[in-house]
1. Using r as the Cβ-Cβ distance of Ala36 and Arg76, and R0 as 22 Å, what FRET efficiency do you calculate, to the nearest 0.05?
2. Could you derive backbone 3J(HN,Hα) for region 18-30 from the dihedral phi with the Karplus parameters 6.51, -1.76 and 1.60 (θ = phi - 60°), listing whole Hz in sequence and x where the residue is Gly or Pro?
3. Could you give the nm distance between label points at Lys51 and Phe66, where each point is 7 Å from its Cα heading toward the beta carbon?
4. How much net charge surrounds Asp59 when only the other residues with a Cβ under 10 Å from the Cβ of Asp59 are counted, with Lys and Arg +1 and Asp and Glu -1?
5. When the Karplus curve 6.51 cos²θ - 1.76 cosθ + 1.60 is applied with θ = phi - 60°, which whole-Hz ³J(HN,Hα) does each residue of region 48-54 get, with x for Gly and Pro?
Amino acid sequence: MLNINADERLNGIPARVLLTPEEAAKIFFGGGRSAASLRRDANKHRLPFIKFGRRIYFDAESLQEFIKRAADESVRTIETFSKKESQNISSVPGITTIGI
């Protein structure tokens, strides 16, 4: 008979919290997104997910990191867009921009 002590083997391996689409929608989006929309985004590989058979789960830590990166990226995009717009306006003849 094989004697395996699971506690010893798992010592040092961090536990991962897996959420159903319903749980992820409620926890991360406060009900602002539906579980169906999260499933759809997962199936289109827009969100990080784990699939066991036909069931989809979201790793809480991975989803949190993904949302943070997406938010940071959108802020950088807005800043870049704003800088480009001000450069474009100042290069139009007859228009003077004033830095405030």
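No value in this document is a laboratory result; all are computed from the given coordinates. This one's a predicted model, so the numbers in the text were calculated from it and none came from an experiment. When we count neighbours, we look across all protein chains shown, and the Cβ atoms used for this are built from the backbone with ideal geometry, even at glycine.
1. Using R0 = 22 Å, I get an efficiency of 0.15.
2. My calculation for region 18-30 gives 9, 10, 6, x, 5, 5, 4, 4, 6, 6, 8, 10, x Hz in order.
3. Result: 1.3 nm between the two label points.
4. Residues near Asp59 contribute -1 overall.
5. Once rounded to whole Hz, the list reads x, 8, 10, 10, 10, x, 9.
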